[in-house]
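Some notes on the structure that comes next.
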């Protein structure tokens with residue numbers, strides 16, 4: 001048997017399942033970018049609001065390109081199990097907030113109609129950094145235009161991707177896609193819609209056969225869309241909503257509503273995401289498969305701790321950064337989270353520009369060391385070889401994979417020139433670092449150490465083992 005609406009009642013009593021009616025009401029949320037993260041994060045927040053009796057938070061989930069997941073979820077009536085596992089124990093629950101599903105590339109009209117539906121109040125997005133394209137803006141504009149023409153209320157459109165000022169960026173993208181004939185539409189959007197900035201945080205690895213097997217054992221039915229995540233989650237959102245009453249509702253479900261999202265965004269991008277990128281590259285090059293495999297090694301754990309403490313934290317406004325750092329290191333070591341280093345290394349050329357250079361520039365400005373970031377950048381250069389230190393090949397899943405590998409191939413013969421070529425990319429490093437002699441010199445130094453002695457030895461050179 002498979003997990004569906006019909007088999008929901010057969011699940012063990014200790015598994016939290018939806019008790020609200022999932023068929024009588026129209027969805028109030030359209031989510032663009034339906035993947036593992038949303039299903040184990042915001043969908044569970046909306047599930048809680050639905051369980052509290054507010055029927056306006058059902059989700060119309062939209063896969064942007066591939067139909068595979070949508071087909072899986074349709075076969076299970078939008079149901080899936082989530083294993084929440086950490087040092088406190090293991091719990092399974094089945095959120096029921098996902099009511100309808102579409103694929104944007106093949107069912108675009110359905111998505112536009114969902115955006116324009118009278119019941120729709122919110123749009124949330126997790127389309128990744130590379131998803132902020134004119135096509136996305138046009139999709140939103142088409143839905144908003146239909147709302148305006150129908151005389152419907154405005155909506156809250158909340159970007160939840162790892163972009164600083166993500167709400168501002170999304171609004172600017174929508175405005176840029178408008179034509180001269182859209183003047184009235186843009187005026188209506190400015191007046192009636194809200195684009196809050198937000199920061200979301202929860203580690204949700206891609207599903208593995210182990211998770212699917214554990215779900216089947218826990219549920220007693222087959223679940224092809226099961227997920228595993230950690231107990232920790234955070235959603236910080238700007239107090240800017242089309243319906244101001246939503247602020248108190250979200251707070252009741254554990255969301256932090258604040259006028260200052262920026263300090264939380266920065267801390268996540270530079271501490272969690274910046275450390276993740278560094279560990280992902282270290283793991284890929286050394287042949288360690290998961291983040292937990294990396295943080296479990298004492299010298300890598302010390303590297304990450306020092307990176308966050310001495311090169312990232314001095315430039316953060318989040319006052320509880322030390323507690324946040326310690327929580328991150330504990331989270332990275334969660335044995336239930338088989339978070340693949342190659343999954344996290346995906347699209348590194350899109351992620352690193354926001355995660356590393358701001359901290360390096362901050363260190364330069366205060367005359368302080370940036371050795372940890374220089375070593376991480378050296379490992380990035382080594383990563384472009386597409387082969388780990390055991391001779392095992394891997395694929396660079398990156399929009400710039402071809403150009404990075406073309407540059408990286410030279411490092412076996414002309415390593416210093418290769419480093420300079422990679423560091424010359426303003427797309428990766430911004431305008432200042434490619435011209436900064438000390439930065440280039442330190443990355444070159446660490447790259448020499450990595451090539452000659454390996455990544456682990458280079459990290460231990462930076463952090464000698466305690467006697």
To the nearest 10 degrees, the tilt of helix 134-150 (Cα long axis) against the first principal axis of the alpha carbons of the chain is 20 degrees
Inter-part gap, Cα centre of region 41-118 to Cα centre of region 321-339, in whole angstrom, is 26 Å
Share (percent) of C-alpha pair distances in region 262-462 greater than 26 Å works out to 25 percent
Asserting the computed 222 nm helical MRE of the chain (DSSP H runs at least 4 long, -39500 (n - 2.57) per run, divided by residue count, to nearest 500) equals -13000 deg cm²/dmol
So the pair-distance distribution of region 206-310, from every Cα-Cα distance in 5 Å bins, comes to percents of 2, 10, 13, 13, 13, 14, 15, 12, 6, 1, 0
Checking rank on 22-35, 434-447, with mean other Cβ inside 10 Å and highest first, the result is 22-35, 434-447
Given all pairs of distinct Cα atoms, region 8-258 yields a Kirkwood Rh in Å of 18.5 Å
Here Rg/Rh (Cα, Kirkwood) for region 23-83 equals 0.95
Taking every C-alpha to C-alpha distance in region 1-114 and binning by 10 Å from 0, the per-bin percentages run 14, 46, 32, 7, 0
Computed Rg/Rh for region 275-339 (Cα atoms; Rh = Kirkwood radius) stands at 0.98
The answer for the per residue Cα convex hull volume of region 347-405, in Å³, is 74 Å³
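A short reminder: the numbers here are calculations on the coordinates, not readings from a lab. All figures in this text were calculated on a predicted structure; none of them were measured in a lab. Cβ coordinates were reconstructed from backbone atoms using ideal geometry, including for glycine residues, and neighbour counts include every protein chain displayed.
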